Amino acid sequence: MNKLIYYGFCCLVGCISVNQAAVGQQPTLETLTAYPFPSELTTASEGNRLAVAINEQGRRNIYVAEAPGFTYRKLTEYDSDLGDEITSLTLSPDGKQVVFVKGGDHGAYLESVPRNPASLTTEPRVQVWSVPFEGGTPELLGEGDYPVIHPDGKQVVFTQRDEVYHCAIDGSTKATRLFYARGSISGLQWSPDGQSLAFVSSRGSHSLIGIYRRGAETIQWIAPTFSRDASVRWSPDGNQVAFIRRKASGGAPDSLLAPVIDPWEIWVAKVETGAAEAIWKAPVTPRGAVPTTHGGTNLHWMGKGRIAFVSYHDGWPHLYSVPASGGEELLLTPGNFMVEHVKPSPDGNWLLASANAGSDADDIDRRHLIRVPVDEPAMEVLTPGKGIETFPAVTGDGKHLVFFSATDQRPTLVSVLPWPEPTGKPQLLGEELIPEALASAKLITPKRVEFKAPDGTTVYAQLFEPADAPKKAPAVVFIHGGPQRQMLLGWHYGDYYANTYALNQYLASKGFVVLSVNYRLGIGYGFDFHKPLQAGRYGASEYQDIKAAGEWLASQPQVDADRIGVYGGSYGGFLTALALGKDSDLFAAGVDIHGVHNYIGRIPSVSAEPAPDAQAAIEMARISSPVSYVDTWRSPVLFIHGDDDGNVDFDQTIDLLLRLQDKPVEIETLMIPDETHHWMRYEHLLNVDRAVADYLERKLIKER
């Protein structure tokens with residue numbers, strides 16, 4: 001029989017506090033996780049004002065700044081750790097009003113579902129709010145999500161239970177339904193003159209582009225047909241719209257194991273007549289499918305009569321443009337790197353993005369800002385060096401480039417450079433928000449390493465190696481989630497992975513050699529790495545990379561091969577469970593955080609009309625599922641899961657726990673009531689980090 005131990009928050013906090021008090025000058029988890037995390041950055045379309053949402057140990061607030069000084073001013077006073085995130089941060093065109101959403105879980109599959117990680121006795125809401133840039137009391141505009149400000153800056157529309165509502169931006173009028181239309185309404189886009197509102201109506205197997213006009217009695221449907229239309233964009237003169245068209249879902253069941261072919265097209269329609277035509281078609285190949293990197297197709301109607309987009313069809317997610325009248329696409333960013341966080345300049349003549357490009361070989365594991373003219377492949381790297389720069393935007397007056405920046409030592413801050421000539425040292429905003437203990441801490445600079453998986457695939461990773469490690473140190477493999485993620489050589493731009501960077505630093509400070517693995521299925525290394533065959537539920541070929549990481553560590557002279565642990569969350573939890581179930585001889589202990597454990601019952605097209613390879617797919621799902629390896633699982637494990645997880649069913653952990661119940665496996669658990677997949681409360685995040693670190697230290701150091 002196994003040994004099952006349940007963590008309690010109060011006991012855990014008390015135990016760890018004593019341990020931390022004894023470590024002297026080593027950075028504590030409280031220090032390393034005290035970074036102020038900027039989650040959203042927005043600029044006004046006129047002038048030079050900006051707003052940013054910042055999470056300070058669970059206290060999420062809005063700060064604003066403007067030229068010339070760009071000094072932060074705190075605009076809201078939400079000073080409790082309740083887990084209610086701030087999203088959809090938007091400035092009115094004139095910069096006088098700030099609109100935002102409080103509540104929900106915008107990294108979950110159902111983003112607008114209210115969450116209550118603080119276990120409050122009042123029912124949670126997802127609400128749209130507004131507050132003057134100059135300061136004042138925030139005004140509740142109504143329950144809803146995804147607000148869009150009217151070009152006149154006086155009105156707001158937003159969605160509420162799949163319908164469109166509108167009200168005055170200052171809350172002086174009550175929000176009412178703007179119009180009725182079938183389907184789930186999303187993707188709201190005002191026309192440049194503010195007289196029309198384009199939207200997407202999703203109706204299950206198909207979706208339509210609609211246009212609502214003030215005073216009109218009917219909706220105009222743009223080129224309706226048997227397809228899925230999305231991502232509607234207005235031309236600068238408001239006479240045309242562009243959108244993405246894909247085939248409708250349905251038809252005869254297709255192969256489940258073959259590469260995905262998901263063709264898509266860019267269409268342009270004349271609004272007055274409704275006449276529409278395809279101006280560009282992606283190749284009907286696996287590489288020509290809709291990109292699954294940040295922003296998807298990133299469709300933008302630019303200046304100079306061109307439409308810009310991202311495609312993966314040359315093997316990397318790159319920027320392209322095509323004449324709005326149709327013609328050959330122009331590859332704007334050739335090279336072996338990816339682009340993400342795409343943003344047009346206010347004049348529509350430039351595209352800005354972040355990319356793992358640069359003159360240093362290590363830049364493949366960083367992000368730098370790039371810009372490229374919309375009509376010429378003349379890309380420039382704007383922020384070379386050893387930093388990580390993401391989410392660029394240009395202020396409405398066209399004079400300032402604002403973005404997120406971080407290093408291996410400093411967490412993410414908003415930074416400012418002059419535009420259109422972004423030279424000199426960036427101005428860092430909000431440095432004073434970084435606690436002195438963290439600002440002065442000497443962190444480990446991770447090193448980029450590569451090694452081979454058994455099938456010859458190159459695996460990428462970052463090594464955190466303590467300077468004063470013992471001759472034979474314990475080691476840990478960290479496995480990110482997603483799996484469409486890439487860990488970087490510094491503080492990450494994503495909130496979940498900023499935390500794991502801090503945790504990896506802490507583990508290294510405790511004497512662990514930490515290897516953060518970028519396994520296949522992740523982004524940053526091209527299509528074939530991102531979309532490998534026989535991966536995920538249909539073969540888990542990526543597990544080879546995790547085993548190779550453990551074996552690489554075991555071969556290092558400074559590592560004790562008998563004390564290698566593993567931990568990861570979400571998809572990283574899935575791979576952690578595979579590691580412990582398949583290779584307990586290699587991985588001595590592990591922490592599985594909200595992982596997927598059973599794909600056997602999650603195969604589509606297993607019905608009266610199954611896919612032609614349905615039985616083979618079921619078998620692949622069986623051998624890919626951690627629940628299939630409970631008989632060979634011997635290493636101790638800690639399971640962690642919140643029971644309001646909107647990404648991985650809580651039952652996935654229950655399923656595996658019950659299957660391990662009668663096996664000779666030592667199990668510990670930490671369950672967080674009402675918490676989501678994203679540790680929305682800082683208290684919960686810190687307790688999870690403490691549990692991970694305490695467990696690995698006990699199993700790989702103290703009990704050895």
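Candidates are the residues of region 72-88 that are more than 21 Å from Leu686 (Cα to Cα) and without any contact (Cβ under 8 Å) to a residue 40 or more places away in the chain; the one that is most open to solvent (accessible area, probe 1.4 Å) is Glu77. Picking from residues in region 439-492 that are among the basic types (Lys, Arg) and either in contact with a Cys (Cβ under 9 Å, 6 or more places away or on another chain) or free of Cβ contacts under 8 Å to residues at least 60 places away in the same chain (or both), the one that is nearest to Tyr506 (Cα to Cα) is Lys442. Val476 meets all of the listed conditions (1) surrounded by fewer than 22 Cβ atoms within 10 Å (Cβ to Cβ); (2) not in a loop (DSSP other than H, G, I, E, B) but one, namely (1).
Matching residues to (1) surrounded by 12 or more Cβ atoms within 10 Å (Cβ to Cβ); (2) in a strand (DSSP E or B):
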position: Val414; (1), (2): yes, yes
position: Glu421; (1), (2): no, no
position: Ala441; (1), (2): yes, no
position: Ala461; (1), (2): yes, yes
position: Ala467; (1), (2): no, no
position: Lys471; (1), (2): no, no
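Look at (1) out of contact with any Lys or Arg (no Cβ under 7 Å at 6 or more places or on another chain); (2) open to solvent by less than 10 Å² (accessible area, probe 1.4 Å) and you find that Glu619 fails only one, number (2).
Quick one: how many residues across region 644-659 are in contact with a Ser or Thr (Cβ under 9 Å, 6 or more places away or on another chain), of a type outside the set (A, V, I, L, M) and either over 20 Å from His480 (Cα atoms) or surrounded by 24 or more Cβ atoms within 10 Å (Cβ to Cβ) (or both)?
Kept after step one, since they are in contact with a Ser or Thr (Cβ under 9 Å, 6 or more places away or on another chain), are these residues of region 644-659: 644-648, 653, 657.
Still in the running and of a type outside the set (A, V, I, L, M): 644-647, 653.
In the following step, the residues that additionally are either over 20 Å from His480 (Cα atoms) or surrounded by 24 or more Cβ atoms within 10 Å (Cβ to Cβ) (or both) were identified as 644, 653.
Of the residues in that region, 2 qualify.
Can Asp362 be described as open to solvent by 60 Å² or more (accessible area, probe 1.4 Å), modelled with pLDDT of 95 or more and touching a Lys or Arg at 6+ places or on another chain (Cβ under 6 Å)? Don't jump to the end; show me each part of the working.
Values: open to solvent by 60 Å² or more (accessible area, probe 1.4 Å): no; modelled with pLDDT of 95 or more: yes; touching a Lys or Arg at 6+ places or on another chain (Cβ under 6 Å): yes.
Criteria not met by Asp362.
Applying the criterion of being of a type in the set (S, T, N, Q) and over 18 Å from Tyr501 (Cβ atoms) to the residues of region 348-406, the residue that is nearest to the chain's Cα centre (by Cα) is Thr383. So is Arg228 under 24 Å from Pro323 (Cα atoms) and open to solvent by 60 Å² or more (accessible area, probe 1.4 Å) or not? In short, yes.
Of these, Asp662, Asp694, which one is open to solvent by less than 40 Å² (accessible area, probe 1.4 Å) and either more than 27 Å from Thr33 (Cα to Cα) or of a type in the set (Asp, Glu) (or both)?
Details: Asp662 fails: open to solvent by less than 40 Å² (accessible area, probe 1.4 Å).
Matching residue, one of Asp662, Asp694: Asp694.
Considering each of Ile266, Ile211 in turn, give the residue that is crowded, with 21+ Cβ neighbours inside 10 Å, in contact (Cβ under 8 Å) with a residue 60 or more places away in the chain and touching a strand residue (DSSP E or B) at 6+ places or on another chain (Cβ under 7 Å). Show your work before the answer.
Values: Ile266 fails: in contact (Cβ under 8 Å) with a residue 60 or more places away in the chain.
After ruling out the rest, the residue left standing is Ile211.
Restricted to region 580-616, and to residues there that are in contact with a Lys or Arg (Cβ under 6 Å, 6 or more places away or on another chain) and under 16 Å from Arg659 (Cα atoms), the residue that is most open to solvent (accessible area, probe 1.4 Å) is Ile600. So Ala223 fits all but one of (1) on the phi > 0 side of the Ramachandran plot; (2) surrounded by fewer than 18 Cβ atoms within 10 Å (Cβ to Cβ); what number is the exception? Against the list (1) on the phi > 0 side of the Ramachandran plot; (2) surrounded by fewer than 18 Cβ atoms within 10 Å (Cβ to Cβ), Ala223 comes up short only on (2). The one condition from (1) aliphatic (A, V, I, L, M); (2) more than 18 Å from the chain's Cα centre (by Cα); (3) open to solvent by 50 Å² or more (accessible area, probe 1.4 Å) that Leu91 does not meet is (3).
For region 45-65, a residue qualifies if it is open to solvent by 10 Å² or more (accessible area, probe 1.4 Å) and either part of a loop (DSSP other than H, G, I, E, B) or under 23 Å from Gly153 (Cβ atoms) (or both), and the qualifying residues are Ser45, Glu46, Gly47, Asn48, Arg49, Gln57, Tyr63. Residues in region 579-638 that are over 30 Å from Lys699 (Cβ atoms), assigned to a loop (DSSP other than H, G, I, E, B) and not hydroxyl-bearing (Ser, Thr, Tyr): Gly601, Arg602, Ile603, Pro604, Val606, Ala608, Glu609, Pro610, Ala611, Pro612, Asp613.
Taken across region 99-114, residues that are assigned to a strand (DSSP E or B), among the basic types (Lys, Arg), touching a strand residue (DSSP E or B) at 6+ places or on another chain (Cβ under 8 Å) and open to solvent by less than 30 Å² (accessible area, probe 1.4 Å) do occur, with at least one present. Where residues in region 639-673 are under 24 Å from the mean Cα position of the chain (by Cα), of a type outside the set (Asp, Glu) and in a helix (DSSP H, G or I), which of them is nearest to Tyr538 (Cα to Cα)? By that ranking, first place goes to Gln652.
Consider region 115-136. How many of its residues are within 20 Å of Asp81 (Cα to Cα), out of contact with any strand residue (DSSP E or B) (no Cβ under 6 Å at 6 or more places or on another chain) and open to solvent by 10 Å² or more (accessible area, probe 1.4 Å)? I'd like the intermediate steps shown before the answer.
The first filter runs over region 115-136 and keeps only residues within 20 Å of Asp81 (Cα to Cα), leaving 115-129.
The next check asks that each one be out of contact with any strand residue (DSSP E or B) (no Cβ under 6 Å at 6 or more places or on another chain); those that pass are 115-124.
Narrowing further to those that are open to solvent by 10 Å² or more (accessible area, probe 1.4 Å): 115-116, 118-124.
Looking only at that region, the number is 9.
Quick one: is Trp129 more than 27 Å from Val241 (Cβ to Cβ), at pLDDT 95 or above and in contact with a Leu (Cβ under 7 Å, 6 or more places away or on another chain)? Explain how you work it out, then say what you get.
Numbers: more than 27 Å from Val241 (Cβ to Cβ): yes; at pLDDT 95 or above: yes; in contact with a Leu (Cβ under 7 Å, 6 or more places away or on another chain): yes.
Yes, satisfied.
One residue is enough: does region 535-549 have a residue meeting the conditions of a type in the set (Asp, Glu), within 27 Å of Phe650 (Cα to Cα) and free of Cβ contacts under 8 Å to residues at least 40 places away in the same chain?
First, pick out the residues of region 535-549 that are of a type in the set (Asp, Glu): 542, 545.
Imposing the further condition that a residue be within 27 Å of Phe650 (Cα to Cα) reduces the set to 542, 545.
Going one step further and asking which of them are free of Cβ contacts under 8 Å to residues at least 40 places away in the same chain, we end up with none.
Scanning region 535-549 turns up no residue that is of a type in the set (Asp, Glu), within 27 Å of Phe650 (Cα to Cα) and free of Cβ contacts under 8 Å to residues at least 40 places away in the same chain.
The values are calculated or read from the model by the stated rules, or taken from the named source; none is laboratory data. This one's a predicted model, so the numbers in the text were calculated from it and none came from an experiment. We place every Cβ from the backbone using ideal geometry, glycine too, and count neighbours over all the protein chains shown. Only protein heavy atoms, including side chains, enter the accessible area calculation; ligands, DNA and RNA are left aside. Shrake-Rupley method; radii C 1.70, N 1.55, O 1.52, S 1.80 Å.
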